[in-house]
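Participant: Would you mind keeping the following structure in view while I ask a few things?
The values are calculated or read from the model by the stated rules, or taken from the named source; none is laboratory data. Worth saying up front: this structure is predicted, and the values here are computed from it rather than measured. A quick note on method: Cβ atoms are made from the backbone with ideal geometry, for glycine too, and the neighbour counts reach across all protein chains shown. Heavy atoms of the whole protein, side chains included, go into the accessibility calculation; ligands, DNA and RNA do not. Shrake-Rupley method; radii C 1.70, N 1.55, O 1.52, S 1.80 Å.
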Amino acid sequence: MKNLNIKAVLFLNYFVFAILLNSVGTVILQVQQNFGISKSSASVLEGFKDLPIAICSFILASFLPKIGIKKSMLIALLLVSCMCFVMPFTNDFWVFKLLFATVGVSFALIKISVFTSIGLVTETDKEHSSFMGFLEGFFMIGVLAGNVLFSLYIDDHNPKSTEWLNVYWVLGGLSSLSFLFLFFSKLNEQEAKSDKTDLLGDLKNSVSLFSYKKVLCFLLCAFLFVLVEQSFQTWTPTFYKEILKVPTSMSIQAGAVLAGAFALGRFLSGFFSKKFSWIYVVSFCVVGFAISLLLVLPLTHNIHIDTNTNWLNAPLVVYLFPLMGGLLAPIYPSINSVILASIPKYLHSAMSGLIVVFSAIGGTIGSIITGFVFQEFSGQRAFYLSLIPLSLLITSAVFMNKLKINPKK
């Protein structure tokens with residue numbers, strides 16, 4: 001297979017950062033127990049992770065091809081490797097802030113570089129879409145693996161134990177391994193560069209993306225999708241605990257099942273993208289997810305579950321709810337792939353930066369809105385509300401499919 005080495009490295013990079021990014025919930029819980037940090041103080045770790053992703057993506061996107069895609073990924077892996085090897089020796093909360101700030105900056109470098117690299121290692125639009133689907137699916141596998149990995153190092157019998165910090169030896173080793181594989185892999189970056197422009201010209205190229213209607217439709221699609229996706233990923237455990245009244249352990253496991261459904265859906269999108277046009281895949285998924293919501297949510301009203309409930313004797317709705325993630329999952333890689341395949345490769349870095357920024361904004365707003373409606377009204381209404389952005393999403397996708405991009409010379 002052509003470019004097999006560099007493709008494998010891109011998968012490994014995404015796997016490592018899936019674990020690091022999605023460990024924030026576990027770390028928030030553990031620093032409260034280990035260091036007596038309050039919930040409000042511990043919650044700032046989420047901001048230390050997300051804000052650097054958005055800010056750095058916006059600032060660096062135009063300049064990465066000049067810095068070098070491979071070099072940018074190496075810098076990111078080196079930064080997180082060093083931080084991981086420091087973590088087992090720490091006993092101060094500020095170091096965790098530094099860890100997630102480093103992870104955020106590094107992920108901005110990685111995601112833009114990876115998205116830009118896909119266009120360099122694939123040859124056709126369908127191959128691009130398929131590879132994107134597999135890559136995003138593998139990211140969700142990393143989320144699952146991270147939950148399992150951290151759980152193996154946590155001492156349930158001694159909440160004050162800091163033995164769980166030894167997990168960072170493993171993560172540091174994985175990051176270092178990815179660094180070495182990438183260092184010895186070859187990546188031809190020439191098509192991602194525009195030799196006719198300087199840094200100011202690259203910035204103008206980035207701004208010029210906003211002049212294309214197809215790009216604007218895409219950015220709206222990305223914003224709306226992540227708004228819905230993040231709402232479900234963030235609030236599914238709470239929904240299970242407070243609405244379905246299942247035990248806490250099952251509530252957390254439901255979030256893991258949702259991640260697994262996302263992974264399966266994105267892997268399947270890799271296959272379907274080779275056979276069907278992206279608009280058919282996206283339309284099927286949006287309509288299917290909306291219908292699933294209308295069928296499943298009514299089943300969650302007036303449900304009675306006792307404390308002895310587990311996955312072997314739970315009501316049907318307990319299984320159905322997280323599985324809906326499989327329908328939602330193919331949308332993101334499909335729309336990302338089609339917009340990247342529509343523009344010249346030297347603009348992929350700038351476009352990738354916009355993807356990350358608008359995704360981060362959509363995720364944050366979606367989580368806040370869902371939390372507010374959940375608190376003031378009900379969990380069911382919070383998720384019914386997602387039908388509005390879903391309707392706007394499919395409308396924007398249809399318009400996006402009709403538009404063409406003719407880059408200005």
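Participant: Only one of Ala329, Ala314, Ala290 is in contact with a helix residue (DSSP H, G or I) (Cβ under 8 Å, 6 or more places away or on another chain) and closer than 18 Å to Lys111 by Cβ. Can you tell me which?
Facilitator: Ala329
Participant: Step by step: first the residues of the range 206-262, then only those that are small (Gly, Ala, Ser) and open to solvent by 40 Å² or more (accessible area, probe 1.4 Å), then the one that is modelled with the highest pLDDT. Which residue is that?
Facilitator: Filtering first and then ranking leaves Ser211.
Participant: On the given criteria, is Leu293 surrounded by 18 or more Cβ atoms within 10 Å (Cβ to Cβ), at pLDDT 85 or above, over 30 Å from Thr122 (Cα atoms) and of a type outside the set (Ser, Thr, Tyr)?
Facilitator: yes
Participant: Here's another thing I want to ask about it. Is it the case that Phe134 is aromatic (Phe, Trp, Tyr) and within 30 Å of Thr162 (Cβ to Cβ)?
Facilitator: So Phe134 fails the test.
Participant: Right, another one. More than 18 Å from the chain's Cα centre (by Cα), closer than 17 Å to Gly371 by Cβ and modelled with pLDDT under 80: is that true of Phe271 in this structure?
Facilitator: no
Participant: Let me ask another. Could you check Gln32 against (1) modelled with pLDDT of 75 or more; (2) out of contact with any Phe, Trp or Tyr (no Cβ under 6 Å at 6 or more places or on another chain); (3) closer than 19 Å to Lys111 by Cβ and say which number it fails?
Facilitator: With (1) modelled with pLDDT of 75 or more; (2) out of contact with any Phe, Trp or Tyr (no Cβ under 6 Å at 6 or more places or on another chain); (3) closer than 19 Å to Lys111 by Cβ applied to Gln32, the lone miss is (3).
Participant: Taking the criterion of being surrounded by fewer than 17 Cβ atoms within 10 Å (Cβ to Cβ), free of Cβ contacts under 8 Å to residues at least 40 places away in the same chain and more than 30 Å from Asn188 (Cβ to Cβ), would at least one residue in the range 103-126 satisfy it?
Facilitator: No: the range 103-126 contains no residue that is surrounded by fewer than 17 Cβ atoms within 10 Å (Cβ to Cβ), free of Cβ contacts under 8 Å to residues at least 40 places away in the same chain and more than 30 Å from Asn188 (Cβ to Cβ).
Participant: Report those helices (runs of 4 or more DSSP H) wholly inside the range 297-409 carrying at least 1 residues which are exposed (fewer than 14 other Cβ atoms within 10 Å of the Cβ) and not charged (D, E, K, R).
Facilitator: Fully inside the range 297-409 and qualifying: 316-323, 348-376, 387-402.
Participant: Out of curiosity, is Leu152 more than 17 Å from the chain's Cα centre (by Cα) and open to solvent by 50 Å² or more (accessible area, probe 1.4 Å)?
Facilitator: Considered against the rule, which asks whether it is more than 17 Å from the chain's Cα centre (by Cα) and open to solvent by 50 Å² or more (accessible area, probe 1.4 Å), Leu152 comes out as yes.
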